[in-house]
Amino acid sequence: MTTSRPAEFEDEKLVTLAQKGQREAFEVLVERYKQKAYRIAFDFTRDREEAKDLSQEAFLRAFTHLQSFDLRAGFYTWFYRILVNLCLDYRRRRGRIAWESFDEKTHMAGGQSEMAGAISSPDREAMSGEISRRVGEALQALPAKQRTAFILKNHQGLSIHDIAKVMQSAEGTIKVHLHRAVATLRQKLAELV
Amino acid sequence: MAQDNDLIRRACKEFEQDLVLYYYGERGREESKELENHLEGCGSCRQFLADLRRLLPLTVKPDDPPQPFWENYSKEMQERLAAIAQRGRWWRDLASLFRPWPVPALATALVLILALTLTFGKRIWRSQDLPPDEEAVLEILPMAENLDFFKAMDLLDSMDLLEDTGGPGNGSV
Ligand SMILES: [Zn+2]
């Protein structure tokens, strides 16, 4: 109710408090961004546990390097950059992403998936699983920059302007990455569906 | 590939990127109008846009973890953050142990050690098998922190390396 509740503080104030050693302030930031962070990690990993680990790791890195964070920059942008870099690094380290476990886990998610909800027959379900696998492969085959720009736009809904900030790149470059990614995916997916 | 081209017509080259941006709502009113005018008379571009509307949503697979997942997430984070904070305190306590030691003596010893290292190289340094004295510990602590820091920065910079846009980059992530 009052502005003395940390949950209502702006990012900047929370970062300042966390920099002064108030861990609880950082925990508020975690609560504020954990779902977004998890989702972006999930878009890259397509694995629930991996996404959790990866997004948590991003928070921990942000926490340990909080002193080097420039308050003039937005926490969100700074944090997302750490996270996206971790996601890229994760893929490089793992080589292959556990696409197979993805469908299983999505189906275990409690039927909230619109796709799972719309498809009931086993045939359709198998087909949707196959499509999902092929989509995963198509995404994985994209060059890292194209995939990143695509996921940030298509999955996360970030503006070109924000993607450019996160990827530390020019907006024109992001548009080219996005265009190439979409053109490739359209080509590959049109053969499937 | 020829088969692909037969099946999937490309949009007009000069409009394709605009169509992608239009699909994502990244075109202004004027640009959109211009594009819509073109779409009225161009089947290939209409097909391209229709394909995006049909296919791109398929690339997003929703995942909706249950509430216990998020509760567990927060709990784990609190524990991991507490562990880091605890570790930080431990390092500070350790460093404080050496604080009362005479600073000039430490500085002199440090300079001597550095001079020896630079003069005789790593092998001699190692063969002497010096006991881990306080100077070394004090030197290693910030170094270890820096290593960790640079490791993280490498990671952050990996994006820069991937990007080929040039520009000086101010280094402040
Ligand atoms: Zn056209």
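General remarks:
- Applying the criterion of being free of Cβ contacts under 8 Å to residues at least 24 places away in the same chain and part of a helix (DSSP H, G or I) to the residues of the stretch A:4-13, the residue that is surrounded by the fewest Cβ atoms within 10 Å (Cβ to Cβ) is A:Glu8.
- Residue satisfying all of: in the stretch A:49-74; open to solvent by 10 Å² or more (accessible area, probe 1.4 Å) and aromatic (Phe, Trp, Tyr); nearest to B:Ile84 (Cα to Cα) among these: A:Phe63
- Meets criteria (within 12 Å of the ligand (Cβ to nearest atom), open to solvent by 50 Å² or more (accessible area, probe 1.4 Å) and of a type in the set (Lys, Arg)) for B:Arg87: no
- Restricting attention to the stretch B:60-71, the residues being part of a helix (DSSP H, G or I) and open to solvent by 60 Å² or more (accessible area, probe 1.4 Å) number 3.
- Per-region count, the stretch B:15-54, residues more than 12 Å from chain A (Cβ to nearest Cβ) and either closer than 13 Å to A:Ala183 by Cα or assigned to a helix (DSSP H, G or I) (or both): 17
- With respect to the conditions (1) more than 10 Å from the ligand (Cβ to nearest atom); (2) over 19 Å from A:Arg147 (Cα atoms); (3) surrounded by fewer than 15 Cβ atoms within 10 Å (Cβ to Cβ), B:Pro57 lacks only one, and its number is (2).
- Residue within the stretch B:35-48 that is open to solvent by 50 Å² or more (accessible area, probe 1.4 Å), within 38 Å of the chain's Cα centre (by Cα), farther than 27 Å from A:Leu192 by Cα and among the acidic types (Asp, Glu) present: no
- Residues of the stretch A:149-181 satisfying the condition of being closer than 18 Å to A:Tyr38 by Cβ and either out of contact with any Leu (no Cβ under 7 Å at 6 or more places or on another chain) or free of Cβ contacts under 8 Å to residues at least 60 places away in the same chain (or both): A:Ile151, A:Asn154, A:His155, A:Gln156, A:Gly157, A:Leu158
- Filtered by the rule that a residue be under 18 Å from A:Leu158 (Cα atoms) and more than 9 Å from chain B (Cβ to nearest Cβ), the stretch A:34-76 gives A:Lys36, A:Ala37, A:Ile40, A:Ala41, A:Phe44, A:Gly74, A:Phe75, A:Tyr76.
- Among residues of the stretch B:7-32, those that are within 12 Å of the ligand (Cβ to nearest atom) and loosely packed, with under 10 Cβ neighbours inside 10 Å, counted: 2
- Screening the candidates B:Leu49, B:Leu39, B:Leu35 for the property of being under 22 Å from A:Leu152 (Cβ atoms) and within 14 Å of the ligand (Cβ to nearest atom) yields one hit, B:Leu49.
- In the set (1) more than 12 Å from the chain's Cα centre (by Cα); (2) at pLDDT below 95; (3) among the small types (Gly, Ala, Ser), A:Ala25 fails one condition alone, (2).
The values are calculated or read from the model by the stated rules, or taken from the named source; none is laboratory data. Computed from a predicted structure; not experimentally measured. In this analysis, Cβ positions are derived from the backbone assuming ideal geometry, glycine residues included, and neighbour counts consider all displayed protein chains. The area values use the complete protein model at the heavy-atom level, side chains included, leaving out ligands, DNA and RNA. Shrake-Rupley method; radii C 1.70, N 1.55, O 1.52, S 1.80 Å.
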